[in-house]
1. Work out from phi, with θ = phi - 60° and the Karplus expression 6.51 cos²θ - 1.76 cosθ + 1.60, the ³J(HN,Hα) of each residue of segment 238-243, listed in order in whole Hz, and give x for Gly and Pro.
2. Going by a ≥ b ≥ c, the root eigenvalues of the Cα gyration tensor, does segment 123-163 fall in the rounded group (a/c under 1.5), the prolate group (a/b larger than b/c) or the oblate group?
3. Given points 7 Å out from each Cα along the Cα-Cβ axis, report the V188 to T70 separation in nanometres with one decimal.
4. Per residue of segment 163-169, in order, report the coupling 6.51 cos²θ - 1.76 cosθ + 1.60 (Karplus, θ = phi - 60°) as ³J(HN,Hα) in whole Hz, putting x for Gly and Pro.
5. Can you tell me how segment 132-240 classifies by the Cα gyration tensor, rounded, prolate or oblate, using a/c under 1.5 as the rounded cut?
6. How would segment 69-269 be classified by its alpha-carbon gyration tensor: rounded, prolate or oblate, with rounded meaning a/c under 1.5 and the a/b versus b/c comparison settling the rest?
7. Let me check against my output: what whole-number percent is the relative contact order of segment 69-269, with C-alpha pairs under 8 Å and at least 6 apart?
8. Residue by residue through segment 97-107, what is 3J(HN,Hα) from phi via Karplus (6.51 cos²θ - 1.76 cosθ + 1.60, θ = phi - 60°)? Round to whole Hz and write x for glycine and proline.
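Bear in mind these aren't lab numbers, they're just calculated from the coordinates by the rules spelled out. Only a predicted model underlies this, so the values are computations on that prediction, with no experimental measurement involved. Glycine gets a Cβ as well: all are built from the backbone with ideal geometry, and neighbour counts include every protein chain shown.
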Amino acid sequence: MQYEERFGKMGRKPINCAAISSWRESWSVAAATILSIDKIAAVLGRAENLAVFGFPYKFVSRQQMQVPFTVEQFFDVFRDYNDAVWPAQLFLLGLALAALIVTFVPRSWSGVIVSLILAFLWVWLAVAYHFLFFSRINPLAYVFGAVSLAGALVLGWQGVIRRRLRFRWAGGARAMTGVLLVVFALVVYPLWSWFARHRYPAMPTFGLPCPTTIFTLGMLAFLATPHPRSPFVVPILWCAVGAQAAILLGVPQDFALVVAGIVGLALLTTANRGRTPQPIAP
C-alpha cells in the first residue's frame, strides 16, 4: 500500500522481473567466465605457467600461435604507432570524456554527438592503426580495418542520420555496467598494461582496438531502449578476435574483452525492451 502511495501517482511501471532475471543470468555467466579464465587460457593457449593475473608470462612459440608475426613485432607496432601519432592519444581521450559528459547531461543532440565520437574512434583505429601500422606485420589488418569502418558507418547511419541512438544516464544495472566498462577502458586498462610490464610507447593506448571496443560497449550500455541492434555487431565481433591476444600474445588486460562480449550479447537481447524514450530538453 505504501509502495502504491509513493509510486503509483508518479506513473511508474512495475519492476520488469524478466529484465532483472536476464541481467542476473548475464552477470552469472560473466562471473563464471572470470573465475575460470586461468583454465581457459591454459587450455586454449597451451602454454605452461600462463597466469592471467600474474606476471611474467611464458609465451607460446610462433608456430603454436599460428599468426604471421612474433610477440616482439606485435609490441613494436604499438611503439611505432604511439611515437607517430603523439599527442593524438590525448585528443582521443578528450573525445571519450566529451561523450561521457553529453551522456550524463543529455540534450536533444546528445545522441548525435556521442554517435559521431564513437564513429570517429572506429574510423581512427581502422585507418591510423590497422591500415597504416598493423598491416606491416599482418595482412588481415586490411580486413580488420574494413570491418571497423563498417562499424563506424553503422554508428553514423543509426546515430547521426536516422538519430535512433539516444545516450543518457538512467541508472540501474544496465547503466552501472556501462560505467564499469568505460572506467575499465579509460583507467584500469592502461594501469593493467603498466603492471603487465608493457611500458609506453610499446603498449596499447586508448584509440587502439581493444580499449576502444570496451569503451564502445560501455557507451552503448547507456542507450535508451528500444534501440537498434546493429551498432553492437562489430564491437562484439572484435571481442571474439581481440581476446585471443590475451592468450597468444601476452596482453592479459584483453581478457576483459571476454566479459565485454558477454555484456554486449546481453545488451543485444534487451535492445527492444522498454518504452519509447521521452524527449530530452534542448
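1. So the Karplus estimates, Gly and Pro as x, are 5, 4, 5, 6, x, 4 Hz.
2. Values: a/c = 6.29, a/b = 2.93, b/c = 2.15.
Verdict is prolate for segment 123-163.
3. Reported label-point gap for V188 and T70 is 3.3 nm.
4. Working through the residues one at a time gives 6, 9, 10, 10, 9, 6, 7 Hz.
5. Working: a/c = 2.85, a/b = 1.27, b/c = 2.24.
It comes out oblate by the Cα gyration axes.
6. Details: a/c = 1.69, a/b = 1.57, b/c = 1.08.
Prolate is the answer for segment 69-269, as a/c is 1.5 or above and a/b outweighs b/c.
7. Numbers: 268 pairs, mean separation 48.4, N = 201.
RCO, segment 69-269: 24 percent.
8. 3J(HN,Hα) across segment 97-107, in whole Hz: 5, 4, 4, 5, 4, 6, 7, 7, 10, x, 10.
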